[in-house]
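Notes follow the structure.
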Amino acid sequence: MRSVFNRIMKKNIVVLISGNGSNLQSIIDTIKRGKINGEIRAVISNKASAYGLTRAEQVNIPHFVFSRKDYDSNQSMDNAIAQKIDEFNTDLIVLAGYMKILTPEFTQHFQGKILNIHPSLLPKYAGLHTHQRAMEAGDTEHGMSIHFVNEEVDGGPVVLQAKVPIYPDDELDEVIERVREQEHRCYPLVIEWFCSNRLYCIDGKAYLDGKILSKQGYAID
Ligand code: GAR
């Protein structure tokens, strides 16, 4: 009975962004097609200029801006965001290009409920300028990772990675675009795994369909 109940209940999702929001758009579009058992209840940005806010506005999703300048510390800003997130009975927080480091108090409060997407094959290239760093290192492949969030920046157990090739004559934009394509394909899929109770995180380990995921997560090419 409980599993039937779980399957029917839609998950409440809050998406955190800082910029363009192309990943947010891919999630909105997938929900619209009925492929995710969840609803985006709110979009939160730490940048008033983020285009993702316009994307939320276009489909009537409540959206909120929290600017660091309005708070006396990162902690008080994260507390305010956490309070807003709690107002929506949030089951899942999706970081979709949220470029501000979250405080440990925040990540602990929402343990096992935060997913992040990062444009590299973690643990390689945490942080910024990942595509450029991979190209400069002479890597022949790059990719993206989706992971649960813990206190470490771009840390936390990996759920899924997708690889793309880097060709010798590639321009930076071509690699960025190749990785982005994978992001738009993979993030909605992982969110659906979570929303259908197939994916969860216990004691710092990610499980899919009851099986612990490997260090690289569920790897697809
Ligand atoms: C994405 O490429 C995402 O992987 C990256 O920001 C971009 C946001 O694009 N996130 C990080 O680097 C997090 N460390 P979008 O705003 O168009 O979705």
Worksheet, complete the sentence: The percentage of Cα-Cα pairs in the chain separated by more than 25 Å is 38
Fill in: Length added when fully stretched, LYS124-GLU39, from 0.36 nm per residue minus Cα-Cα
27.4 nm
Practice prompt. Assuming R0 = 45 Å, can you tell me the calculated FRET efficiency for the pair LYS32 and LEU172, based on Cβ-Cβ distance, to the nearest 0.05?
Written response: 0.90
Discussion item. What FRET efficiency comes out for GLU105 versus ARG68 if R0 is 22 angstrom and r is the Cβ-Cβ distance? Round to the nearest 0.05.
Written reply: 0.85
Worksheet item: Pulled fully out, how much extra length does the chain show between TYR207 and ASN89, if you take 0.36 nm times their separation in residues and subtract their Cα-Cα distance?
Response: 40.2 nm
Discussion item. Just to be sure I understand the rule: take each whole DSSP H helix in the chain, project its Cα atoms onto its long axis, keep it if the span is 18 Å or more and its mean Kyte-Doolittle hydropathy is at least 1.0. Which ones pass?
Written reply: none
Worksheet item: So how far, in whole Å, is the C-alpha centre of region 13-57 from the one of region 113-186?
Response: 20
Worksheet, complete the sentence: HN-Hα couplings for region 14-19 via Karplus (6.51, -1.76, 1.60; θ = phi - 60°), in whole Hz with x for Gly/Pro, come out as 10, 10, 9, 9, 9, x
Response to the item:
Residues other than ILE176 with Cβ under 13 Å of its Cβ, Lys/Arg counted +1 and Asp/Glu -1, net out at -4
Discussion item. Just want the ordering: LYS211, LYS163, from fewest to most Cβ atoms lying within 10 Å of their own Cβ.
Written reply: LYS211, LYS163
Worksheet item: If you average the sequence gap of Cα pairs under 8 Å that are 6 or more apart and divide by the length of the chain, what percent do you get for the contact order?
Response: 19
Fill in: Contour excess over end-to-end distance, with Cα ends at ARG133 and LYS163 and 0.36 nm allotted per residue
9.2 nm
Item to complete: Check cross-link reach from LYS69 to the lysines: straight Cα distance under 25 Å, and skip same-chain residues fewer than eight apart.
Response: LYS47, LYS84, LYS100
Discussion item. Which three numbers, in whole Å and largest first, are the semi-axes of the equivalent ellipsoid of region 98-144 derived from its Cα gyration tensor as √(5λ)?
Written reply: 27, 11, 7
Worksheet entry | Nitroxide proxy distance, nm - points 7 Å out along Cα→Cβ at SER214 and ASN79 | 4.4
Worksheet item: Under 21 Å Cα-Cα from LYS215, which lysines qualify once same-chain neighbours fewer than 8 residues away are excluded?
Response: LYS113, LYS124, LYS163, LYS205
Item to complete: Just order 66-72, 129-135, 96-102 by mean Cβ neighbour count inside 10 Å, highest at the front, would you?
Response: 96-102, 129-135, 66-72
Discussion item. Only four residue types carry charge here, +1 at the Cβ of Lys and Arg and -1 at the Cβ of Asp and Glu. Report the dipole size of the chain about the Cα centre in Debye, rounded to the nearest 20.
Written reply: 920
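Computed from the coordinates by the stated procedures, all read-outs in this text should not be read as laboratory data. None of these values were measured; they are calculated from a predicted model. Neighbour counts are summed over all protein chains in view; Cβ atoms, including those assigned to glycine, are modelled from backbone coordinates with ideal geometry.
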